[in-house]
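In what follows, a single structure is set out as structure tokens and then discussed.
The values are calculated or read from the model by the stated rules, or taken from the named source; none is laboratory data. Treat the numbers as computed from the prediction; the structure is a model and nothing was measured. A quick note on method: Cβ atoms are made from the backbone with ideal geometry, for glycine too, and the neighbour counts reach across all protein chains shown. Ligands, DNA and RNA are excluded from the accessible area calculation, which covers all protein heavy atoms including side chains. Shrake-Rupley method; radii C 1.70, N 1.55, O 1.52, S 1.80 Å.
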Amino acid sequence: LCLDYLSRPEAFARLYPKLLDGYLLDAIERLDVAPVDRARLEGFVGAVTAAPRRREPSPGLGEDVRLCAKGLVGSGLELDGELLQLSGFSTA
């Protein structure tokens with residue numbers, strides 16, 4: 001599972017076609033796997049939201065955000081207290 005978050009709808013709209021291409025390429029490798037049910041998706045989103053976050057200075061502006069919890073990892077960027085971008089991935 002993967003969750004991609006962007007704080008600005010217009011930024012997400014520009015990025016979405018590229019994200020969708022990547023999702024579709026990943027899906028081709030899993031055509032024989034049943035779709036994930038709603039409860040598991042909701043659990044994953046909740047786990048990403050609740051995961052402990054470690055922050056470190058970014059090489060550019062803002063802070064790098066890292067997530068690591070049972071069954072998931074993720075990273076993102078925060079600037080002036082606003083989470084600009086976050087990607088979370090299941091590890092199971």
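Annotation note: of Arg54, Arg38, the sole residue that is surrounded by 10 or more Cβ atoms within 10 Å (Cβ to Cβ), out of contact with any Gly (no Cβ under 8 Å at 6 or more places or on another chain), of a type in the set (D, E, K, R) and at pLDDT 95 or above is Arg54. If you filter the stretch 75-91 down to residues that are closer than 17 Å to Phe12 by Cβ and touching a Cys at 6+ places or on another chain (Cβ under 9 Å), you find that the one that is most open to solvent (accessible area, probe 1.4 Å) is Ser87. Against the test of being under 12 Å from Cys2 (Cα atoms) and either exposed (fewer than 12 other Cβ atoms within 10 Å of the Cβ) or among the β-branched types (Val, Ile, Thr) (or both), the options Val33, Val65, Val48 yield a single qualifying residue, Val48. Close contacts from the stretch 54-79, counting a first residue that is farther than 10 Å from Thr91 by Cα and a second that is assigned to a loop (DSSP other than H, G, I, E, B) and hydroxyl-bearing (Ser, Thr, Tyr), with Cβ to Cβ under 7 Å and a gap of 6+ residues or different chains, come to Asp64/Ser58; Leu77/Ser58.
Determine whether Arg40 is in contact with a strand residue (DSSP E or B) (Cβ under 6 Å, 6 or more places away or on another chain) and not small (Gly, Ala, Ser).
no
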